[in-house]
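Just below is one structure, and these are the notes that go with it.
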Amino acid sequence: MTRLSSFAEFVTQGAAPDESVKRAVRLAGIDTLGCVLLGVQETASVNIRRAALDWGNGVCSIYGGGMSAPAPIAALCNAISAHTLDFDDWEEPGNTHPSAVLFPALWALCHLGEYSGTDVITAYSTGFEIVARLGEVMNFDHYNRGWHSTATLGVIGAAAASARMLGLSVEQTTHALSLAITQASGYTAQFGSHAKPIQAGVAARDGVMAAQMAAVGMTGQAGVLEAMMTQMSHGNLAALDDVLGRLDGLALSQWGLAAKRYPSCGYTHRLIDCACQIESQIGTSRITSIHAELPDFHAEILPFRHPENRQEAMFSIPYCVATALKRGGLTLSDLTQAALSDPEIADLIECTTVTPHPAQRPEMNFDPDQPDRLSVMLEDGRRLQAAVAYPKGAPQHPMSEEEICQKFETNSERKVTDALITWDQQTDLKGFLMQFSGQV
């Protein structure tokens, strides 16, 4: 049995989610749906729906878009909406945004048959397992080489989740995973542009397609996983064998999910939390200098000092910190062109310095012994400082169910209903999901 077929065996038989995993996936579904309904009017989402008009008719809903499409195209469009504002959740070992890829793939398949909330919970947990376990082995070498792991690992997870939903055999699932790996691509160099959410959308689309192709007999080589590891990371096959031996437990229990409190890159969130701590202490005094410190591999994907648009602002340390110091946080209203032109924010950016430090333990995304630090000097001579190891929303500092629901209501401009809270108990999710199909 090859390594890929061992993964496939897990996908078809996998461990059953416990109550904590079920709860995590249930809340992630609510959060992700809110992100989709928020993102549907963004430029990337509007334009992808325009393009989709030429890609054929289907029965799978593009949520908030008032149209339907074939399953892969619906997955593409909904994933782009979920990820376009970078407000969706993420996980640590793979450094991916799993829900923005996995849920759109599974929701699309829900429109093709009678699938329950339990089916989606199990399939999501299965896809997450593949993403996280590959992430344990390949990152951060993989990410630091410039690969966008939401795309490269996400497509494999989406194929695994889709294969589980469709009930593929071990042989078919092996081919589905192989076909997904051959489509794995995406670059961190695209961050700050529409290509970033497009890469998440393509991962969802190609994951669905890989499973559907395998279901009708399309094949791929079972040794392609080793080729991917060798070419995209350090190729530590021994470590992969160790991961394979731990597939009897669920990665979601071990690692958890990080929900987002702010609509920006997760690597800005510790510094935003620092700024929020300091903001309440500033009073009427004027800020004369701002100094931010963070790990170098975080700083590398936050290159924009003077962002010119929303996409760049979401990846700008000086802008996010300056905004949080002035306004006590970061919301979507702080990412408009008018907000970007605020002369007070521009002045704060000018007095900001950023110092990246080599990661003490580069295998850890958030090292508790190396928190982000922010120091602010005031005109009255005071120096205010803050340090944050885990941002609000991280598994170590989670958002509550009430906070997730409030975020959904704010993002979607809809009330949280009992049906939404208990979506995992639905016996046929297609009918439930159809209520989100109309034009926002």
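The values are calculated or read from the model by the stated rules, or taken from the named source; none is laboratory data. Because the structure is predicted, anything quoted here is derived from the model rather than measured. Cβ: placed from backbone, ideal geometry, glycine included. Neighbour counts: every protein chain shown. Accessible surface is based on the protein model in full, side chains and every heavy atom, while ligands, DNA and RNA are left aside. Shrake-Rupley method; radii C 1.70, N 1.55, O 1.52, S 1.80 Å.
Taking every protein chain into account, the accessible area of segment 151-305 amounts to 36 square angstrom per residue (probe 1.4 Å).
If a spin label sat at a point 7 angstrom from the Cα of GLN41 along the line to its beta carbon, the backbone N atoms of segment 328-356 nearer than 13 Å would be those of 333.
When a 1.4 Å probe is rolled over the protein heavy atoms, the share of accessible surface on segment 190-260 that falls to carbon and sulfur comes to 56 percent. In the chain, helices alone account for a calculated mean residue ellipticity at 222 nm of -15500 deg cm²/dmol, with every DSSP H run of four or more residues adding -39,500 (n - 2.57). For the chain, lysine pairs separated by 8 or more sequence positions, or belonging to different chains, with Cα-Cα distances below 25 Å total 19.
Taking a ≥ b ≥ c as the square roots of the eigenvalues of the alpha carbon gyration tensor, segment 204-265 is oblate, as a/c is not under 1.5 and a/b does not beat b/c. A Gaussian network model of the chain, with springs between Cα atoms under 10 Å, assigns the largest mean-square fluctuation among LYS196, LYS22, LYS415 to LYS415.
Surface composition of segment 293-440: carbon and sulfur make up 50 percent of the accessible area, probe 1.4 Å. Tell me, what is the per residue accessible area of segment 1-61 in Å², probe radius 1.4 Å? For segment 1-61, the solvent-accessible area averages 43 Å² per residue.
Simple rule: put +1 on each Lys or Arg Cβ and -1 on each Asp or Glu Cβ in the chain, find the dipole, and look at LEU76, GLY283, ALA389; the Cα lying farthest toward the positive end is LEU76.
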